[in-house]
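S.K.: Before I ask anything, let me first share the structure, which is written out below as structure tokens.
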Amino acid sequence: MRAFDVVGQHGRYMILDNGEQIAGPYTYKWRAEQVSDQLEAKARRSVRRCISCSASFESDGPHHRMCDNCRAAKRENVPFCSVRKARPVRLFS
């Protein structure tokens, strides 16, 4: 189910939200649908906290819980990302 409607009129395609044109006109229907998908993805984004380092980042949805730095660090087998603050080391006398 689409959040936005793609409507064709006189050989042009527009993206509508509750009957109001929000984008377009586009010559090709596939392009209007592509832009509609991008607008829907942008509308789903929100600011979340990373589950690894607690940094705030713009998430693509509930499935996206790690920031890009932590995701890259995990891929490279680094113990923590550069955003995360290192814990202070206690020196014993």
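The values are calculated or read from the model by the stated rules, or taken from the named source; none is laboratory data. Source: prediction; values computed, not measured. Heavy atoms of the whole protein, side chains included, go into the accessibility calculation; ligands, DNA and RNA do not. Shrake-Rupley method; radii C 1.70, N 1.55, O 1.52, S 1.80 Å.
S.K.: Could you report segment 1-64's accessible area per residue, 1.4 Å probe, as an integer in Å²?
M.R.: On the way: 4630 Å² over 64 residues.
Heavy-atom accessible area per residue stands at 72 Å².
S.K.: May I ask you to compute the full-extension gain from Arg65 to Arg49, defined as 0.36 nm times their residue separation minus their alpha-carbon distance, rounded to one decimal in nm?
M.R.: 5.0 nm
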